[in-house]
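These notes are about the structure you will find just below.
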Amino acid sequence: MSTTKAIMKESAVQSKAGPKKFSAGVILLAGWLIPGLGHWMQGRWIRAILLFISITCMFALGLAMRGMVYAPNTGDVLDMLGFVGDLGDGGLYILSAVFGWGHHIVQVVTADYGTKFIVVAGLLNFISAVDAHSLRVGRKR
Amino acid sequence: MYTPSHFTAVLLFALFASVVFGITQRSETRAMVRYGVYCFSLFVLGTIAASWVMWLIKH
């Protein structure tokens, strides 16, 4: 359980840390923009790395399965919710918009899995960013 | 193009989602690990159970 020990050490380092440098809003925004950055800025670097790897890998696997990235839309309710979920990917969503990733029609079953992977990666990133905010305001240790 | 099987997709999904759930839903390190493992088990076993239910409905 070396990871467990590393996280415990990280928590000990964090508890001895000096004054908080960043405001809660900045932490929330950073955590949304880059998965795990909100934790990293508070010295929770093991958690940050694990969150970054998990969310980014999920997004990348979704794209590798030729999943679809939802564009802003006012059509079907599920499409709109899909867009809201994708928006949670933050910087990854912006990159996909800039480079045109995931803008194709779903034709195979794995592409449908991929679309779900991308949406869930966004939702997990929302949770991660809110967790970083909770750490900053002291709602969580 | 990456084309995993259904089960591989489930395992990957469960792994990444469980890591995030473990870190974000618990405060203590050991509790995080335990909760992550618990979520992973529920994802995988739940999927297997649902698969059998669907198989039974079909037959």
Note down all Cβ pairs under 6 Å where the first residue falls in segment B:7-31 and is over 14 Å from B:Val44 (Cα atoms) and buried (at least 21 other Cβ atoms within 10 Å of the Cβ), the second is at pLDDT 95 or above and among the basic types (Lys, Arg), and they're at least six residues apart or on different chains.
B:Ile23/A:Arg47
Flag for A:Leu78 being within 26 Å of B:His6 (Cα to Cα) and surrounded by 24 or more Cβ atoms within 10 Å (Cβ to Cβ)
no
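May I ask you to list the residues in chain B that are hydroxyl-bearing (Ser, Thr, Tyr), closer than 22 Å to A:Val108 by Cβ and more than 8 Å from chain A (Cβ to nearest Cβ)?
Pass one, chain B, residues hydroxyl-bearing (Ser, Thr, Tyr): B:2-3, B:5, B:8, B:18, B:24, B:27, B:29, B:35, B:38, B:41, B:47, B:51.
Subset that is closer than 22 Å to A:Val108 by Cβ: B:2-3, B:5, B:8, B:47, B:51.
Of everything in chain B, those that are hydroxyl-bearing (Ser, Thr, Tyr), closer than 22 Å to A:Val108 by Cβ and more than 8 Å from chain A (Cβ to nearest Cβ) turn out to be B:Ser5, B:Thr8, B:Thr47, B:Ser51.
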Give me the pairs: first residue in segment A:37-51 and at pLDDT 95 or above, second residue outside any helix (DSSP H, G or I) and surrounded by 21 or more Cβ atoms within 10 Å (Cβ to Cβ), beta-carbon distance under 8 Å, and six or more apart or on different chains, which are they?
A:Arg47/A:Gly36; A:Ala48/A:Gly36; A:Ile49/A:Gly36; A:Leu50/A:Gly36; A:Leu51/A:Pro35; A:Leu51/A:Gly36
Checked A:Ser134, A:Ser96, A:Ser128 against criteria (in a helix (DSSP H, G or I), of a type in the set (Ser, Thr, Tyr) and over 20 Å from B:Phe21 (Cβ atoms)); the one match is A:Ser96
Identify the single condition in (1) in contact with a Pro (Cβ under 9 Å, 6 or more places away or on another chain); (2) over 29 Å from B:Tyr2 (Cβ atoms) that A:Phe22 does not satisfy, given that it satisfies every other one.
(1)
Scanning for something assigned to a helix (DSSP H, G or I), within 11 Å of chain B (Cβ to nearest Cβ) and in contact (Cβ under 8 Å) with a residue 60 or more places away in the chain, does segment A:104-122 turn up at least one residue?
yes
Given (1) farther than 25 Å from A:Lys20 by Cβ; (2) facing chain B (nearest Cβ under 9 Å), index of the condition A:Asp131 fails
(1)
Exactly one of these conditions fails for A:Phe99: (1) farther than 19 Å from A:Ala30 by Cα; (2) within 14 Å of chain B (Cβ to nearest Cβ). Give me its number.
(2)
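Evaluate segment A:70-84: report whether one residue or more is within 9 Å of chain B (Cβ to nearest Cβ) and not hydroxyl-bearing (Ser, Thr, Tyr). Step through it out loud before you land on a result.
First pass over segment A:70-84, keeping only residues within 9 Å of chain B (Cβ to nearest Cβ): none.
The answer is no; no qualifying residue exists.
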Would you mention how many residues in segment A:84-113 are crowded, with 19+ Cβ neighbours inside 10 Å and within 16 Å of the chain's Cα centre (by Cα)?
8
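The values are calculated or read from the model by the stated rules, or taken from the named source; none is laboratory data. Because the structure is predicted, anything quoted here is derived from the model rather than measured. Cβ coordinates were reconstructed from backbone atoms using ideal geometry, including for glycine residues, and neighbour counts include every protein chain displayed.
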